[in-house]
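Report on one structure; see the data block that follows.
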Amino acid sequence: MLTIDAWITLTVIVGCLLALVFSRRPADMVLCGGVVILLLLDILTPKEALAGMSNEGMITVGVLFVVAQALSETGVVSWISNNLLGRPKSPHSAQLRLMAPVALFSSILNNTPVVAMLIPAVRDWAKRNKLSASQLMIPLSYAAIVGGTCTLVGTSTNLVVNGMLLQYLPDQGLGMFDLAWVGIPCALMVIVFVVLFSRWLLPSHSGTEERFEDTRQYIVEMKVEPGSAVAGQTIEEAGLRQLPGMFLVEIVRDQQVMTVVSPNERLRDNDQLVFAGDVRSVVDLKNIHGLKLAEKQVFKLAAGSLNRCLVEVVISHNFPQIGRRVREMRFRNHYGAVVIAVSRNGKQIKGKLGDIELEAGDTLLLETHEDFVRNQRYSKDFLLVSAIENSRPVRHEHRLRASLIMLGMVLSVAFGWLSMLKAAFLAAGLMVITRCIRISDARRCVDWQVLLVIAASIALGSALEKTGAASVIADGVVSIAAGSPMATLAAIFVVTALFSAVISNLAAAVIVFPIALAASQQLGVNMLPFAVTLMMAASASFATPIGYQTNLMVYGPGNYRFSDFFKMGVPLTLLVGVATVLIVPQVWSF
């Protein structure tokens, strides 16, 4: 029998879910609002309402943001996107290239670091290959989730349920790969379903930063560094044809100009490459390992390369050197910055950069110290001073170091040497100590919205448990199917999947396990099919972003709405449920 507190809790949770599905309110605002209501009604104590803020899973996700950012800033991300994921020809090909290896990795590794590592790589990969990030982020999370169902160590939920099973029935534990009988078919079905139906069930947009076209076009000259990895590669192999918003105009080699450049043309040491494109693509171009700006003045800047960034300025009528050529201005001496490109009325200015005569209203792209914006923001020489986001140089020299730290984190968790939390903290600390990421950037890179959503979801789930609503609902659903082992198995899956959608999958499994045990004893049948079904259902958290932390991790980068998970996740949950109920009794008889 549901108490008043239980009814209020259910009403608040249903209200939150409806608000998330049918409104554009931020998920953190809606869920934190629900927690505040339960707190004000004394259903949750302050300690219970804030318990999520100290939850190990939430803190782990927060620390992994630092690790992921360090991997991005050292070039590990771009290396993964270029060399491991390849160059797909369609969104479907990209999804298959992504989901298959992710599912494999997640079967033996904790899926949280796998997703944390790949989110920036997939975002970069999508941009380079002109794919929609929203067509790839949910598939990334789903592949990680379903991959974890294939082995006993795939998720912590499997280990916990198996531990509870051994506690009650010591002779009925599961082996390392026993779950593969049902996990592998389900993983294959999820991958095939996503590849076939994502065109209609997933949105096709790449995030807020790519909604508007950049109207400022520049000519930028780059040089192939002698002995670099780019030298000897073709234009295609070097990834210089996949830059969105940027194309190769010509190559200057030994004073000869090649105006029609074939994608099969091989680059040589000291080749000068002339590109035309928008400012965001200039950043991508500048971060390619093996290319450097051809402007010699860049190397005379006093600021260290790690403290530099790109800045755009618009020249005012008060600019003292209007009408003079760029090479005559001594811009570096006056402003501590180097002009690397010029745009006029949003158009590219052809010809040598040093020969351009500046006019009022010209937009200059500068490489300078990161303090330039603060120092020149109110200068009468410029109408506008704006820093280009994420334009600091990639620290390629730290790439091996960052890769080894990441590998050590993953292996230490895989072999059980450290918990995920300890490994994440150690990896983040080493990233900072070894200068793979600056402490200021480590502070800024944490996505607090995601962490608030996780903390609020944990608080709402604890209210569901505390008021007894979870147990009453579970008992009611299972009792409907009493008398039929197959129907009871289906009921166990349904109730566990429903709880996993609104509370943590581990909490859902812990709540439903004693109910499943009691049902198997009443029916006089083997408990193993119920335990395996419980494991599969707890991991079938496809329908809501709050059901699984990897869903929350891709929520922002994919620019999703709550309903996007619902449209794709509900049919997937049903598909996995049907497959589980049909396969499990064939492998583990009642």
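Numbers below:
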{"read-out": "Some residue of the range 373-386 being part of a loop (DSSP other than H, G, I, E, B), among the β-branched types (Val, Ile, Thr) and in the same structural domain as Cys309 (by TED's automatic domain parsing)", "value": "no"}
{"read-out": "Exclusive hit being over 30 Å from the mean Cα position of the chain (by Cα) and either aliphatic (A, V, I, L, M) or in a helix (DSSP H, G or I) (or both), set Val478, Val510", "value": "Val478"}
{"read-out": "Subset of the range 215-224 that is surrounded by 14 or more Cβ atoms within 10 Å (Cβ to Cβ) and farther than 18 Å from Gly290 by Cα - its residue that is modelled with the lowest pLDDT", "value": "Arg216"}
{"read-out": "Given (1) under 19 Å from the mean Cα position of the chain (by Cα); (2) within 28 Å of Leu31 (Cα to Cα), number of the condition Ala428 does not satisfy", "value": "(2)"}
{"read-out": "Which numbered condition Glu367 fails, given (1) surrounded by 20 or more Cβ atoms within 10 Å (Cβ to Cβ); (2) of a type in the set (D, E, K, R); (3) in a helix (DSSP H, G or I)", "value": "(3)"}
{"read-out": "Filter result for Glu312 (over 40 Å from the mean Cα position of the chain (by Cα) and assigned by TED's automatic domain parsing to the domain that holds Phe372)", "value": "no"}
{"read-out": "Verdict on Leu136 being at pLDDT 90 or above, crowded, with 24+ Cβ neighbours inside 10 Å and closer than 28 Å to Met246 by Cα", "value": "yes"}
{"read-out": "Lone unmet requirement of (1) touching a helix residue (DSSP H, G or I) at 6+ places or on another chain (Cβ under 7 Å); (2) modelled with pLDDT under 80; (3) at positive phi for Met420", "value": "(3)"}
{"read-out": "Exclusive hit being in the same structural domain as Leu41 (by TED's automatic domain parsing) and out of contact with any strand residue (DSSP E or B) (no Cβ under 8 Å at 6 or more places or on another chain), set Ser412, Ser440, Ser479, Ser403", "value": "Ser479"}
{"read-out": "Filter result for Pro244 (under 21 Å from the mean Cα position of the chain (by Cα), part of a loop (DSSP other than H, G, I, E, B), modelled with pLDDT under 80 and surrounded by fewer than 24 Cβ atoms within 10 Å (Cβ to Cβ))", "value": "yes"}
{"read-out": "Residue count, the range 55-86 (criterion: among the polar types (S, T, N, Q), assigned to a helix (DSSP H, G or I) and at pLDDT below 80)", "value": "6"}
{"read-out": "Filtered residue count, the range 346-375, keeping only those that are touching a Ser or Thr at 6+ places or on another chain (Cβ under 9 Å), modelled with pLDDT of 80 or more and not hydroxyl-bearing (Ser, Thr, Tyr)", "value": "7"}
{"read-out": "Residue count, the range 254-289 (criterion: assigned to a loop (DSSP other than H, G, I, E, B) and modelled with pLDDT of 80 or more)", "value": "10"}
{"read-out": "Residue in the range 517-535 that is closer than 25 Å to Leu136 by Cβ and surrounded by 19 or more Cβ atoms within 10 Å (Cβ to Cβ) present", "value": "no"}
{"read-out": "Any chance Ala497 is farther than 23 Å from Asp178 by Cα, assigned by TED's automatic domain parsing to the domain that holds Val453 and assigned to a helix (DSSP H, G or I)", "value": "no"}
{"read-out": "Of all residues making up the range 29-48, the number that are in a helix (DSSP H, G or I), loosely packed, with under 15 Cβ neighbours inside 10 Å and not aliphatic (A, V, I, L, M)", "value": "2"}
{"read-out": "Residue among Phe513, Phe499, Phe542 that alone is farther than 25 Å from Gly15 by Cβ, touching a residue at least 24 places away in the same chain (Cβ under 8 Å) and out of contact with any strand residue (DSSP E or B) (no Cβ under 7 Å at 6 or more places or on another chain)", "value": "Phe513"}
{"read-out": "Among residues of the range 87-109, those that are modelled with pLDDT under 75 and outside any helix (DSSP H, G or I), counted", "value": "1"}
{"read-out": "Residue count for the range 394-418, restricted to those that are small (Gly, Ala, Ser) and without any contact (Cβ under 8 Å) to a residue 24 or more places away in the chain", "value": "3"}
{"read-out": "Some residue of the range 57-67 being more than 22 Å from the chain's Cα centre (by Cα) and aromatic (Phe, Trp, Tyr)", "value": "no"}
{"read-out": "Condition check for Val446: under 24 Å from Gly556 (Cα atoms) and outside any helix (DSSP H, G or I)", "value": "yes"}
{"read-out": "Condition broken by Ser198, with the remaining ones in (1) at pLDDT 85 or above; (2) surrounded by fewer than 18 Cβ atoms within 10 Å (Cβ to Cβ) satisfied", "value": "(2)"}
{"read-out": "Among the residues listed as Gly227, Gly232, the single one being at pLDDT 80 or above, closer than 26 Å to Arg395 by Cβ and exposed (fewer than 14 other Cβ atoms within 10 Å of the Cβ)", "value": "Gly227"}
{"read-out": "Selection within the range 139-183 - modelled with pLDDT under 80 and acidic (Asp, Glu)", "value": "Asp171"}
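The values are calculated or read from the model by the stated rules, or taken from the named source; none is laboratory data. For clarity, every value in this text was computed on a predicted model and none was experimentally measured. Reconstructed Cβ throughout: ideal geometry from the backbone, glycine too, with neighbour counts over all protein chains shown.
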